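One structure is given here, and the rest of the page talks about it.
The values are calculated or read from the model by the stated rules, or taken from the named source; none is laboratory data. Please read these numbers as outputs of a predicted model, since none were measured by experiment. As a convention, Cβ positions derive from the backbone with ideal geometry for all residues, glycine included, and neighbour counts pool all protein chains shown. The protein model used for the area step is the full one, side chains on, heavy atoms only, and it has no ligands, DNA or RNA in it. Shrake-Rupley method; radii C 1.70, N 1.55, O 1.52, S 1.80 Å.
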Amino acid sequence: MLKKNIFLLIVVINTSLSYSQEKYTLNFYNCSYDDFAFTPLSEFNIYDTKTGKEINYKKGWVSGKFNFSTDSPVVRIKYKNIYKQAFDTIINLNNKNTSHVLCIEKFKDYSLQTTFEQCIKNKKKWELNLNSTGCFHWDNESFKIKYKKNKVYVVYKINKGKKQYILLDQKKIDTFILFEKKLRLMNRPNGGCTTSDLYTLNSFYGNLEINDDSCTFNDIYSLKEVLGIKNGKD
């Protein structure tokens with residue numbers, strides 16, 4: 001009888017603990033573009049900050065959406081982004097708003113010298129081509145550096161459209177440098193998207209080719225926005 005009562009007590013305690021846990025949803029979000037990120041991050045783990053133990057989670061019907069339960073008001077998230085950079089972040093949970101967002105586009109700007117800045121410095125050839133194909137589009141975009149006296153231009157062209165000559169200031173140059181850093185560190189994600197983007201970089205100081213068919217790397221839109229190019233995402 002005593003053993004039976006102890007067993008029932010344990011069942012009651014465990015049941016009450018499970019019911020005391022709040023259910024949460026964590027969404028991967030590209031906050032720079034105000035859009036969901038459908039490709040999961042690699043080496044993704046959630047930890048209870050009270051116990052230090054890992055929390056089990058279930059993937060939602062959309063890739064990049066996770067459901068988990070915890071009674072801790074704070075959780076710790078460890079993951080690697082598409083550039084193989086490790087992040088360790090804290091999220092304060094709110095049981096009045098059980099859906100939370102993780103901005104996945106965070107990037108650690110390492111001191112990596114790019115071919116873009118080398119070419120600008122020494123007035124050498126630099127060219128980036130992007131071939132993007134999907135169910136309803138085929139686009140070919142190119143960015144070429146041109147030098148005229150003491151000024152530097154980027155010549156932009158998409159498909160059979162007219163060339164656009166864009167004078168580079170320091171902000172535009174810095175944006176190109178950051179773009180190339182991200183492109184070089186990208187973890188070549190595969191799958192998950194009907195669009196395939198092939199980036200081909202040719203320069204005096206080296207070449208690079210990266211294919212992304214995950215719709216994960218979207219920094220080309222930020223680059224074009226800074227350059228003043230308004231041809232949309234399609």
Next on the checklist: I want to confirm something. Restricting to the range 27-44 and keeping residues that are open to solvent by 40 Å² or more (accessible area, probe 1.4 Å) and over 20 Å from Ile220 (Cβ atoms), which single residue is modelled with the highest pLDDT?
Outcome noted: Glu43
Checklist entry - Among the residues of the range 90-126, how many are modelled with pLDDT of 90 or more and closer than 14 Å to Ser203 by Cα? => result 13
Checklist outcome for this item: By residue number, the members of the range 65-118 that are of a type in the set (A, V, I, L, M, F, W, C) and assigned to a strand (DSSP E or B) are Phe66, Phe68, Val74, Val75, Ile77, Ala86, Phe87, Ile90, Ile91, Val101, Leu102, Cys103
Item to check | Residue selected from the range 196-206 under the condition modelled with pLDDT under 95 and open to solvent by 30 Å² or more (accessible area, probe 1.4 Å), by the criterion farthest from Lys125 (Cα to Cα) | outcome: Ser196
Item to check | Matching residues in the range 197-222 - criterion: being in contact with a Cys (Cβ under 9 Å, 6 or more places away or on another chain), small (Gly, Ala, Ser) and part of a strand (DSSP E or B) | outcome: Ser203
Item to check | Unmet criterion (only one of (1) within 22 Å of the chain's Cα centre (by Cα); (2) in a strand (DSSP E or B)) for Cys193 | outcome: (2)
Checklist outcome for this item: Inside the range 115-136, the number of residues satisfying the requirement of being touching a strand residue (DSSP E or B) at 6+ places or on another chain (Cβ under 8 Å) and open to solvent by 60 Å² or more (accessible area, probe 1.4 Å) is 3
Item to check | Restricting the range 137-157 to residues that are of a type in the set (A, V, I, L, M, F, W, C) and closer than 19 Å to Tyr221 by Cα, the residue that is most open to solvent (accessible area, probe 1.4 Å) | outcome: Trp138
Next on the checklist: exposed (fewer than 11 other Cβ atoms within 10 Å of the Cβ) and over 26 Å from Thr175 (Cα atoms): which single residue out of Lys96, Lys65 fits that description?
Outcome noted: Lys96
Item to check | Filter pass, Phe87 being touching a strand residue (DSSP E or B) at 6+ places or on another chain (Cβ under 9 Å), closer than 29 Å to Cys193 by Cα, modelled with pLDDT under 90 and not small (Gly, Ala, Ser) | outcome: no
Next on the checklist: When the residues of the range 144-176 are narrowed to those that are without any contact (Cβ under 8 Å) to a residue 60 or more places away in the chain and among the hydrophobic types (A, V, I, L, M, F, W, C), which ends up farthest from Leu208 (Cα to Cα)?
Outcome noted: Leu167
Item to check | Residue check, Gly60 among the small types (Gly, Ala, Ser), closer than 30 Å to Phe179 by Cβ and at pLDDT below 90 | outcome: no
